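Written below as structure tokens is the structure these notes are about.
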Amino acid sequence: MSEDEIEKLLQPLEEVVEKVKDSVEVCVRAEYVLREFERALAHALCERLGDEGVRALGELSVETEKVRLTVAGHETRLTVTFSATPGMKKDAERLAARVGLYFRRTSYPPPRGIREDDFKNYDSPVIAPLILEHLVEGGAERLAEVLKNKAAEIEGENALLGAAIRTVEKAISPLVLASKL
Amino acid sequence: MEEVEVLSEKIKELMEAMVEREDLLEEAGRILKELKKLFQNVAREAWRGGASRETVHLDGGDILMTIEIPGSAVYLSFSVKPRDCDKEPEIYSEMRRLAKGFRYPEDDGMPLAILHYFVRRGAAELVKSIDEKIREEKELTEEVRRVLAEVKNALAPVVLAAKT
């Protein structure tokens, strides 16, 4: 095989490599933007909640059909993570195949990737840009809506709990009174 | 970024609602302790320092009241009836419902579930159970009978309140 022939074979391969490199760069940038978003959100939350609020936070998780938002407080440190839900699996699989990047099952639960159940975890570099795309295309608004609905639901339950407590207090009040006499 | 503001505000609102719920369940825990103390005082006043040693479990439907007289004092406690092999008392689902989303819903929802059940049905069931014990258990000492009778009297206003 002559050098020219080898060169001819290598040229299309180089083009493919260039394109895959571009895809990788987009994914890395998307990951960076997403982290910045998480950091900004964590910062804003820390300011709103204060140290006490962060301590009381525990772990909070809400999701849309494709993206999950997890907020976790560890002592005075707060982390915010956007990850993919199983609803994003097909999109990720398709995009990964199109741009020539991997979409694979992993033995560990990936921080941003898809957790179908305890034993089925999937990871791919295309997940970060897909999460960003989803958030930009109304996903962030839907997350806010989910949070609002959840808060309203809990407030409704709180009203019921409060009413139950008042009923109990009323019922045992003769006892309390008798003990004070 | 506008999204950051909106999301952080909504997360804060959700947190406040969750903290309020936690406070309410804690308040229920405090009331249950107070209730236990009230009945324990009633039992202690009826006990005149005799030498009886007895542990009486009173059936209050899905809840239990236990009066323990180890010979030196009187202790009283409320608890949830243990799960049966084939049947779970309804109060367990109530406990889970009350503290849905908590890490240990059965523990966190227990005080309010006990209180709620006690007021609705438990107090009346306990009165029945005390009557039965006094009537049927011949080996109970006079002192234990007196303690039980006083606890029954103390339960009466709660039973009455549940009926009205």
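The values are calculated or read from the model by the stated rules, or taken from the named source; none is laboratory data. Keep in mind that what you see is a predicted model, and the values were worked out from it rather than measured. With ideal geometry, Cβ positions are generated from the backbone for all residues, glycine too; neighbour counts draw on all protein chains shown. Accessible surface areas use protein heavy atoms only, side chains included; no ligands, DNA or RNA. Shrake-Rupley method; radii C 1.70, N 1.55, O 1.52, S 1.80 Å.
Summary table below
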| item | result |
| --- | --- |
| Near pairs, Cβ below 8 angstrom, 6+ apart or cross-chain, from the range B:29-44 (under 18 Å from B:Val80 (Cβ atoms)) to any residue that is of a type outside the set (A, V, I, L, M, F, W, C) | B:Gly29/B:Pro111; B:Ile31/A:Glu169; B:Ile31/B:Pro111; B:Leu32/B:Pro111; B:Lys36/B:Ser77 |
| Helices (runs of 4 or more DSSP H) (entirely within the range A:88-181) containing at least 1 residues that are within 9 Å of another protein chain (Cβ to nearest Cβ) | A:140-180 |
| Hey, B:Pro82 more than 13 Å from every other protein chain (Cβ to nearest Cβ) and either free of Cβ contacts under 8 Å to residues at least 60 places away in the same chain or assigned to a helix (DSSP H, G or I) (or both) or not | yes |
| Enumeration of residues in the range B:33-71 that are crowded, with 19+ Cβ neighbours inside 10 Å and assigned to a helix (DSSP H, G or I) | B:Leu35, B:Phe39, B:Val42, B:Ala43, B:Ala46 |
| Filter result (under 11 Å from the mean Cα position of the chain (by Cα) and either open to solvent by 30 Å² or more (accessible area, probe 1.4 Å) or facing chain A (nearest Cβ under 8 Å) (or both)) within the range B:8-31 | B:Ala28, B:Ile31 |
| Criterion (part of a helix (DSSP H, G or I), open to solvent by 70 Å² or more (accessible area, probe 1.4 Å) and either in contact with a Leu (Cβ under 7 Å, 6 or more places away or on another chain) or at pLDDT 95 or above (or both)) met by exactly one of A:Val33, A:Val26 | A:Val33 |
| Any hit, the range B:110-119, residues being closer than 18 Å to A:Val176 by Cα, at pLDDT 90 or above, out of contact with any Pro (no Cβ under 6 Å at 6 or more places or on another chain) and open to solvent by 50 Å² or more (accessible area, probe 1.4 Å) | no |
